[in-house]
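Engineer: Take this structure, written in structure tokens, and hold onto it; I'll ask about it next.
The values are calculated or read from the model by the stated rules, or taken from the named source; none is laboratory data. Just so it is clear, the model here is predicted, and its values are computed rather than measured. Cβ coordinates were reconstructed from backbone atoms using ideal geometry, including for glycine residues, and neighbour counts include every protein chain displayed. Calculation scope for accessible area: heavy atoms of the full protein, side chains included, ligands and nucleic acids excluded. Shrake-Rupley method; radii C 1.70, N 1.55, O 1.52, S 1.80 Å.
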Amino acid sequence: MEKLIESALNMIKPGMTVSFGGGRTVGRLIRALDATTIYVASPSEQTRQLCQELNIPIVPLEQVTKFDLAFDGCDSLDHNLNALKSNGGIHTFERLYANLAERYIIMAPIERFTDKLNIDVQLALEVMDLAIPQVLTEVEQLGGKANVRQSQNMAGMVRTPNGNGLVDCHFENWDEIDSINNKLAAMTGVLGTSYFKDVVTDALLATDEDVKHIKKEDL
């Protein structure tokens, strides 16, 4: 992972405004950077807490018109750089930051980069409570199975930072994920989905010995 962090650091230049998502790899990147030369923002409460511990000022999203770079992780990435960012549960916030990024960069082990999206990774939806029954029914009608994500630490469902629930959707394969995602995303009460299509511009993929940098424009 050291070379992965080094590759990311080489992309960051003084004066840039940079977003950092959540996860351990991003945390290691933050610990390694010279934050005095850049402006830092993050959609992740965990990352913002780390920055506070390191005395790194955080720029609120409402004060940002663009990010030069945005670093994040994912659970699955296909060869067209479409991603599933499902397990963290903050994909709605992450999308807001990604939409402002000139370069949206996924950092991941190369095993997560596959020809097609990993079917073992679910499509996650952030859903208002009253809409959850309708969404569950729609997923079943589309041929999938869905469940409301439950908290492992306390009774009840997992809540997003917006106070909504998460619905995890499973299908036999992701061949029709574009159509499935579009139908579910259009439902009233669905605030966001974990499928990031045509958003990722770069992938920094860690191998055993090196880092593979894939750019969208080179595909």
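Engineer: Considering only residues of segment 85-99 that are open to solvent by 50 Å² or more (accessible area, probe 1.4 Å) and in a loop (DSSP other than H, G, I, E, B), which is nearest to Val26 (Cα to Cα)?
Structural biologist: Among those residues, the one meeting the criterion is Gly88.
Engineer: Does segment 174-190 contain at least one residue that is on the phi > 0 side of the Ramachandran plot, part of a loop (DSSP other than H, G, I, E, B) and touching a residue at least 24 places away in the same chain (Cβ under 8 Å)?
Structural biologist: yes
Engineer: Show the residue pairs meeting these rules: Cβ distance below 7 Å; 6+ apart or different chains; first residue within segment 134-145 and over 15 Å from Asn181 (Cβ atoms); second residue open to solvent by 60 Å² or more (accessible area, probe 1.4 Å) and at pLDDT 95 or above.
Structural biologist: Lys145/His170
Engineer: Separate question: Collect the residues in segment 160-173 that are open to solvent by 70 Å² or more (accessible area, probe 1.4 Å), at pLDDT 95 or above and under 20 Å from Met128 (Cα atoms), keeping them in residue-number order.
Structural biologist: His170
Engineer: Further question: Looking at Val199, Val135, which is the one that is part of a loop (DSSP other than H, G, I, E, B) and surrounded by 15 or more Cβ atoms within 10 Å (Cβ to Cβ)?
Structural biologist: Going through Val199, Val135 in turn, the sole match is Val199.
Engineer: Tally up the residues in segment 157-173 that are within 24 Å of Asp115 (Cα to Cα) and in contact (Cβ under 8 Å) with a residue 60 or more places away in the chain, please.
Structural biologist: Of the residues in segment 157-173, 1 are within 24 Å of Asp115 (Cα to Cα) and in contact (Cβ under 8 Å) with a residue 60 or more places away in the chain.
Engineer: Which of the residues that make up segment 110-129 are open to solvent by 40 Å² or more (accessible area, probe 1.4 Å), under 25 Å from Ser179 (Cβ atoms) and out of contact with any Gly (no Cβ under 6 Å at 6 or more places or on another chain)?
Structural biologist: Listed by number, the residues that qualify are Arg112, Thr114, Asp115, Lys116, Asn118, Ile119, Asp120.
Engineer: Additional query: With the structure loaded, tell me whether Arg103 is assigned to a helix (DSSP H, G or I) and among the charged types (D, E, K, R) or whether it fails that test.
Structural biologist: no
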